[in-house]
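Take a look at the structure set out below.
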Protein chains: 2
Amino acid sequence: MASRRFDPERRDRIIDAALDVIAAQGVAGASHRKIAEHAGVPLGSMTYHFVSMDELLTEAFRRFANSIADRFDQQFGEAADVDGARQAVVDLIHLDLLDSQRDLVLTHELYTLAARKPVFRQITRDWMARSRRALGLHFDPETCRMLDALIEGLFIHAALDTEPHDRATAVEAVARITTPIKTRPARETKEPNLT
Amino acid sequence: MASRRFDPERRDRIIDAALDVIAAQGVAGASHRKIAEHAGVPLGSMTYHFVSMDELLTEAFRRFANSIADRFDQQFGEAADVDGARQAVVDLIHLDLLDSQRDLVLTHELYTLAARKPVFRQITRDWMARSRRALGLHFDPETCRMLDALIEGLFIHAALDTEPHDRATAVEAVARITTPIKTRPARETKEPNLT
DNA sequence: CAGCCATGCGTACGATCGTACACATCGTTG
DNA sequence: CAACGATGTGTACGATCGTACGCATGGCTG
């Protein structure tokens, strides 16, 4: 029953290599051969360790989602109060996530798969659940959902936009979305842009 | 100089067929052959009308983005005042967009391409610019950016989530994000979720 | 120490792909 | 009316892919 030539790191390295290749070439360009080469393993190892490509992709994206969620948890675990949590949200958008094009690419690749295949949708759902749980430490459930959606949108737009992602705008947006509307007077917008 | 056997609809049909195939199979599964078959044209027509696959994809996604932006413009053009605009936002999320899985899939496919290739990023940027211009009819520029991001996030999450997309939550979220923070008293959240 | 079998790998097969290119078709022109 | 050239198509080539499968390897057992 003891392991013979068993190398448990091998499987992990393949998964990591898969994420690297996907980040660089996309799911479409990620072939068994490319991943094997990048991981430094023979082609035969692919089908030996993973019965199909889908299994490899599933495990890879599960790992990716968990790694992001870990950072999420960490940030909010460190936040002392609500204002700290708000700060953490802004930091996540502007530092942790935006810096790495890699995360953006992988996120979109995952969402694309999730939009079509239930297996991957489950991964995104679990991810969202973890995010909301982290937010739930500081905000009420309804606010969590709004805030989670806002983070998603700000992240995406900040990454797709040219460059001028204004931190002040993110701060204001987070402040608005986390403050219940009932407590404020109805006030219209400042100056509509005509034309 | 006059057209001989020229059939201008042919090219359009190919583009529409491309979007259909992409929606069904993804960019990865969209081959010249499948698109040709779906469009009812011979394989040779593909390389005749489009020098490369990228050109076809570019035109297809440009058309897709414009069609969505058209609906956007229409909704906000019809809105009479700010409250009408807020209503329009909620409607866009809950009726126009959410109904069609097709739009979600195509949007993600486009974003995935945009995350990697500048050509497609330009398409998304133009799309975002049009969206913000439409929002700018009723809201100030900063609010437009926040609201645009919120719409993006709500749309994505509503589509990836199981089902329970609460309209009331969207209404509240839109109300919060469109009301400047300065006018409200600092008020914490209701009841944090511990555990 | 000999042989067996779990473990892992090299290679080849059939399918599918993008693209090139020779050829068919037919309106136009001289 | 003949033939030319613009317009469109059928087919074949080389590359790449996922996967299957027979063989190498070497630790364990008797």
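Considering only B:F64, B:I93, B:V27, whose Cα is most displaced toward the positive end of the charge dipole of the stretch B:5-122, charges sitting on Cβ of Lys, Arg (+1) and Asp, Glu (-1)?
After comparing all options, I get B:V27.
Counting only protein chains, not ligands or nucleic acids, how are A:E37, A:E59 ordered by accessible area (probe 1.4 Å), most first?
On the way: A:E37 145, A:E59 60 Å².
Descending order: A:E37, A:E59.
Per DSSP H run of n ≥ 4, the term is -39500 (n - 2.57); total these for chain A, divide by its residue number, and report the mean residue ellipticity at 222 nm rounded to 500 deg cm²/dmol. Please report the intermediate quantities before stating the final value.
Details: 9 runs with 136 residues, N = 195.
One gets -23000 deg cm²/dmol as the mean residue ellipticity at 222 nm.
Please report, in debye to the nearest 20, how large the charge dipole of the protein assembly as shown is about its Cα centre when each Lys and Arg carries +1 at its beta carbon and each Asp and Glu carries -1 there.
It comes to approximately 700 debye.
Using amide H atoms built 1.01 Å from N in the peptide plane, name the residues 5+ places from B:D161, or on other chains, whose amide H lies under 5 Å from its own.
So B:D161 has HN proximity to no qualifying residue.
How large is ³J(HN,Hα) for each residue in the stretch B:129-146, as worked out from phi by the Karplus curve 6.51 cos²θ - 1.76 cosθ + 1.60 (θ = phi - 60°), to whole Hz, x for Gly and Pro?
3J(HN,Hα) across the stretch B:129-146, in whole Hz: 4, 5, 4, 5, 5, 5, 5, x, 5, 10, 10, 6, x, 5, 4, 4, 5, 5.
Give me the accessible area of A:H165, 1.4 Å probe, in Å² rounded to the nearest 10.
About 60 Å², rounded to the nearest 10.
Nearest 20 debye, what's the magnitude of the dipole of the stretch B:1-135 about its Cα centre given +1 on Lys and Arg Cβ and -1 on Asp and Glu Cβ?
Using only the charged Cβ atoms, the result is roughly 660 debye.
From the backbone phi of the stretch B:10-27, what are the Karplus-calculated ³J(HN,Hα) couplings (6.51 cos²θ - 1.76 cosθ + 1.60, θ = phi - 60°) in whole Hz, Gly and Pro given as x?
With the stated coefficients, the stretch B:10-27 comes to 3, 4, 4, 4, 5, 5, 4, 4, 4, 4, 4, 5, 4, 4, 7, 10, x, 4 Hz.
Determine ³J(HN,Hα), in whole Hz, for all residues of the stretch B:47-52 in sequence, where each value follows from phi through the Karplus function 6.51 cos²θ - 1.76 cosθ + 1.60 and θ = phi - 60°; x replaces Gly and Pro.
Listing the rounded values in order: 6, 6, 7, 10, 4, 8 Hz.
Given a 1.4 Å probe and heavy atoms of the protein chains only, how would you sort B:H38, A:H49, largest accessible area at the top?
Greatest to least solvent exposure: B:H38, A:H49.
Taking DSSP loops as anything outside H, G, I, E and B, show the longest stretch in chain B free of trypsin sites (Lys or Arg not before Pro) there with at most 10 other beta carbons within 10 Å.
On the way: sites that count: B:R4, B:R5.
So the longest stretch without any such site is B:6-195.
Size of the dipole of the stretch B:9-51 about the Cα centre, Lys and Arg at +1 and Asp and Glu at -1 on the beta carbon, nothing else charged, in debye to 20?
With Lys and Arg at +1 and Asp and Glu at -1, about 140 debye.
How many Lys pairs in the protein assembly as shown lie less than 30 angstrom apart by Cα atoms, where the lysines are 8 or more positions apart or on different chains?
Eligible lysine pairs with Cα atoms under 30 Å apart amount to 12.
Go ahead and set up a Gaussian network model of chain B, Cα springs under 10 Å, then flag whichever of B:V119, B:V89, B:V27 fluctuates most.
Comparing B:V119, B:V89, B:V27 in the GNM, the peak value goes to B:V119.
At B:V171, label 7 Å along Cα→Cβ: distances to the other copies, nm, ascending?
Sorted ascending, the copy-to-copy spacings read 3.3 nm.
Where the label is 7 Å out from Cα toward Cβ, how close does A:Q122 come to the same position in every other copy, in nm, shortest first?
4.2
Taking A:A28 in one copy and the same position in all the others, each labelled 7 Å out along Cα→Cβ, what are the pairwise distances from the first, in nm, shortest first?
So the distances to the same position in the other copies read 1.1 nm.
What do the square roots of 5 times the Cα gyration tensor eigenvalues come to for chain A, in whole Å, largest first, as semi-axes of the equivalent ellipsoid?
39, 19, 14
Relative contact order (percent) for chain B, with alpha-carbon contacts under 8 angstrom and 6 or more residues of separation?
Relative CO of chain B lands at 20 percent.
Placing +1 on the Cβ of each Lys and Arg and -1 on the Cβ of each Asp and Glu in the protein assembly as shown, which of A:H157, A:M128, A:I14 has its Cα farthest towards the positive end of the resulting dipole?
Selected residue: A:I14.
The values are calculated or read from the model by the stated rules, or taken from the named source; none is laboratory data. Treat the numbers as computed from the prediction; the structure is a model and nothing was measured. Every residue, glycine as well, gets a Cβ built from its backbone with ideal geometry; the counts of neighbours run over all protein chains shown. The area values use the complete protein model at the heavy-atom level, side chains included, leaving out ligands, DNA and RNA. Shrake-Rupley method; radii C 1.70, N 1.55, O 1.52, S 1.80 Å.
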